[in-house]
Amino acid sequence: MTSSIGTDNPMTTNTRMLNWIGDVAKIAKPTSIVWITGDPGQLEDLRNEACGTGELERLNEELLPGCVLHRSNPNDVARVEDRTFICSHKKENAGPTNNWMDPAEMYAKLNGILEGGMTGRTMYVIPFSMSVVGSPFAKYGIELTDSIYVVLSMAIMTRIGKPVIDAIGDSDDFTRGVHSKVKLDPQDRYIAHFPEDNTIISLNSGYGGNVLLGKKCLALRLASFLGKQEGWLAEHMLILGIENPQGEVRYVAAAFPSACGKTNLAMLIPPAHYIKEGWKIYCVGDDIAWLRIGEDGRLWAVNPEFGFFGVAPGTNAKTNPNALETTKKNTIFTNVVKNLDDNTVWWEGLTDIPPTNALNWKGEPWTAASGEKGAHPNSRFTAPAENCPCVSPEFNSTKGVPISAIIFGGRRAKTAPLVYQSRDWNHGVFVGSIMASETTAAKEGAVGVVRRDPMAMLPFCGYHMGDYWGHWIEMGKKIKHQPKIFNVNWFRTNEQGKFIWPGFGDNLRVLEWILKRSHDGIDAVDTPIGMMPNPKDIDISHLDDVNDDVIRDLLNVDVDLWKQEMENVKDFYAGFGDRLPKELMEELNATENRLK
Ligand code: GTP
Ligand code: SPV
Ligand code: MN
């Protein structure tokens, strides 16, 4: 293999691209510029270079071939929502749920921070595509970065290199992404989006969600804005294919907030008796869905990503064997425990017995006896989707998969029942808009605080949330064969604070009801909050801890709690002023009337 590191020959003659790269280089002052071709030899050379500097550490080549460990700065371990900005020209277009700064002011500020920021470093030019190159869904971008970790992660998470440059050609239609670690100074950390300029600038961070610019920054924040202009939806959703014993494959898309179970649901293993009957699961995506109306009037979805950036803690051979298998090769682990005995990795929940000769996520000697967690709660794996044993044959499809049902859900200890169905599309938009969930370690800040997270898009909507809801309502009018809309909650707890529902693979039991509602017209109970299963219609066979009483409990709707919930929603909605679609106010009033 020949090394191509050090090649600073531009891969393109696209003058607008070259001028922009030149402008950034003038400010950041990198020592050299390297174009990422996507050639495996180049990536291997970069891996070696990063292992030489300690940015990455090689793991056991027999047990974890091609895998490396990375530690981010301890001040930089999750998305930073209070440092994330939507810089639209008009403040009101960013809306009440986003931080905003005037674009000119933000550019000036960031150029100041970036000044000389790459001195002594190489600036890598990564051409990347979100979704299959050449597909009608595809959006192209160039990420400039001074981090090899980012280059190697982008090579897993997106389609990169020469084909993307060829697809862009001489066009100006590509996202301009600038990332620099600068000094990793949290005071000067900014994740800034300029939707009207198709531009992202991320400074002073090295953590995935802040720096892999194809993911949340492009595929959700900028793409949601584009989707509004172009008539499609960019959503924080997994996509899952479910084959029933009759051999019919149906697809659902589900939006849960960060660290609330998307990756796990997207690759679940059915309960044993379901497997025996012939049920199968196919993973199309675990985090992001782009949804378009097809010529047949159905809603079609693609996953614009190429890999999984998944939560490590809690992943094990029982909860998510497919994810575990996916991470067995060519994977980057971030902020997990290093087992020094066999040069492998560990995290809380992987096995019952923690390693005894180990380093924690900060690289310090550690044992479980310390009482401290070894892996960071937001430690992650970055793994190629093609490694996943249940990856869908449609994964690389350019037209996507037709969606039967949209599922919203969150972490709610009380209030939300195991599952309910919206009465129609607009009621479904209402159900999505009032989603609430306990916060998790995926973002900086307190964990376990219930907050509204509409459609799981609170941190990811690139424009005014009220307009976004309006866009959902408009989309509903255009979709001839609308998916049915549901809400689920795997996280109800009992008096002891333990989860009542077994979750994980057993969630298929709930998906089965959802599909029966979507396709087979099975009966449901009409309640004030929506349509709910007859308890007998949820299969609870072979479950030790769930009997008829428990399922009734899980499906119980506490009217007083829901009345309070609606009061709270009223306050929440008040923050959106006249951009709140009137349809949602009507749904709120109708729900209140049903609760009387
Ligand atoms: P992001 O990558 O941050 O968007 O997260 P995600 O939505 O993909 O969440 P993920 O599937 O990684 O799950 C996060 C945490 O929730 C892990 O610790 C899981 O073990 C746990 N979890 C996932 N599904 C279930 C479930 O059905 N029941 C319970 N009790 N826990 C679950
Ligand atoms: C999330 O927080 O929803 C993630 C991880 O999927 S990150 O890429 O950091 O946003
Ligand atoms: Mn996510």
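Just so you know, all these numbers are worked out from the coordinates, no wet-lab data involved. Keep in mind it's a predicted model, so treat the numbers as computed, not measured. Neighbour counts are summed over all protein chains in view; Cβ atoms, including those assigned to glycine, are modelled from backbone coordinates with ideal geometry.
Can residue 341 be described as more than 16 Å from ligand 1 (Cβ to nearest atom), acidic (Asp, Glu), without any contact (Cβ under 8 Å) to a residue 24 or more places away in the chain and in a loop (DSSP other than H, G, I, E, B)? Answer is yes for this residue. Taken over segment 241-277, the residue count meeting the criterion of being more than 15 Å from ligand 3 (Cβ to nearest atom) and among the aliphatic types (A, V, I, L, M) is 7. Across segment 531-550, a minimum of one residue is classified as of a type in the set (Asp, Glu) and within 30 Å of the chain's Cα centre (by Cα). Quick check, is residue 179 within 19 Å of residue 112 (Cα to Cα), within 16 Å of ligand 2 (Cβ to nearest atom) and not hydrophobic (A, V, I, L, M, F, W, C)? When the stated conditions are applied, residue 179 passes them. Exactly one residue out of 318, 329, 338 is buried (at least 20 other Cβ atoms within 10 Å of the Cβ), away from ligand 2 (no atom under 16 Å from the Cβ), more than 18 Å from the chain's Cα centre (by Cα) and among the basic types (Lys, Arg), and it is 338. Within segment 497-517, if we keep just the residues that are more than 15 Å from residue 409 (Cα to Cα), in a helix (DSSP H, G or I) and of a type outside the set (A, V, I, L, M, F, W, C), the residue that is farthest from ligand 2 (Cβ to nearest atom) turns out to be 516. Does segment 139-151 include one or more residues that are in a loop (DSSP other than H, G, I, E, B), of a type in the set (D, E, K, R) and away from ligand 2 (no atom under 16 Å from the Cβ)? Yes, because at least one residue in segment 139-151 is in a loop (DSSP other than H, G, I, E, B), of a type in the set (D, E, K, R) and away from ligand 2 (no atom under 16 Å from the Cβ). With respect to being assigned to a loop (DSSP other than H, G, I, E, B) and away from ligand 2 (no atom under 16 Å from the Cβ), residue 296 fits the description.
Can you pull out the residues in segment 525-575 that are among the aliphatic types (A, V, I, L, M), surrounded by fewer than 16 Cβ atoms within 10 Å (Cβ to Cβ) and in contact with a strand residue (DSSP E or B) (Cβ under 9 Å, 6 or more places away or on another chain)? Residue satisfying the conditions is 525 alone. Yes or no: residue 463 among the aromatic types (Phe, Trp, Tyr) and more than 25 Å from residue 423 (Cα to Cα)? Yes: the conditions hold for residue 463.
Residue count for segment 193-224, restricted to those that are of a type in the set (Gly, Ala, Ser) and more than 16 Å from ligand 3 (Cβ to nearest atom): 3.
In this structure, residue 362 does satisfy being part of a loop (DSSP other than H, G, I, E, B) and either closer than 22 Å to residue 209 by Cα or out of contact with any Cys (no Cβ under 8 Å at 6 or more places or on another chain) (or both). Each residue in segment 244-301 was checked for being out of contact with any Leu (no Cβ under 8 Å at 6 or more places or on another chain), among the β-branched types (Val, Ile, Thr) and closer than 19 Å to residue 385 by Cα, and 1 pass. Among residues of segment 247-258 that are over 10 Å from residue 235 (Cα atoms) and small (Gly, Ala, Ser), those with a Cβ under 8 angstrom from a residue that is away from ligand 3 (no atom under 16 Å from the Cβ) and in a loop (DSSP other than H, G, I, E, B), sequence gap 6+ or separate chain, pair up as 247/278.
Restricting segment 443-465 to residues that are of a type in the set (A, V, I, L, M, F, W, C) and crowded, with 19+ Cβ neighbours inside 10 Å, the residue that is nearest to ligand 1 (Cβ to nearest atom) is 456. Confirm whether residue 557 is over 30 Å from residue 278 (Cβ atoms), part of a loop (DSSP other than H, G, I, E, B) and either in contact (Cβ under 8 Å) with a residue 12 or more places away in the chain or of a type in the set (Lys, Arg) (or both). Criteria met by residue 557.
Residue 281 - would you say it is within 15 Å of ligand 1 (Cβ to nearest atom), in contact with a Pro (Cβ under 7 Å, 6 or more places away or on another chain), in a strand (DSSP E or B) and aliphatic (A, V, I, L, M)? So residue 281 passes the test. So which residues in segment 256-272 are small (Gly, Ala, Ser) and within 13 Å of ligand 2 (Cβ to nearest atom)? If the condition is that a residue be small (Gly, Ala, Ser) and within 13 Å of ligand 2 (Cβ to nearest atom), then 258, 259, 261, 266 are the ones that fit. Residues of segment 432-456 that are on the phi > 0 side of the Ramachandran plot and hydrophobic (A, V, I, L, M, F, W, C): 455, 456. In summary, helices (runs of 4 or more DSSP H) completely within segment 191-273 and bearing 2 or more residues that are closer than 25 Å to residue 300 by Cα occur at 223-230, 262-266. Scanning segment 472-496 for residues that are in a loop (DSSP other than H, G, I, E, B) and touching a residue at least 60 places away in the same chain (Cβ under 8 Å) returns 479, 480, 481, 482, 483, 489, 490, 491, 492.
Of the residues 281, 275, the single one that is free of Cβ contacts under 8 Å to residues at least 12 places away in the same chain, within 14 Å of residue 507 (Cα to Cα), away from ligand 2 (no atom under 16 Å from the Cβ) and not hydroxyl-bearing (Ser, Thr, Tyr) is 275. The residue pairs whose first member lies in segment 381-392 and is within 11 Å of residue 305 (Cα to Cα), whose second member is of a type in the set (Lys, Arg) and surrounded by fewer than 22 Cβ atoms within 10 Å (Cβ to Cβ), and whose beta carbons are closer than 6 Å, counting only pairs six or more residues apart or on different chains, do not exist in this structure. Considering (1) free of Cβ contacts under 8 Å to residues at least 60 places away in the same chain; (2) farther than 27 Å from residue 155 by Cα; (3) in contact with a strand residue (DSSP E or B) (Cβ under 9 Å, 6 or more places away or on another chain), the lone condition that residue 298 does not fulfil carries the number (1).
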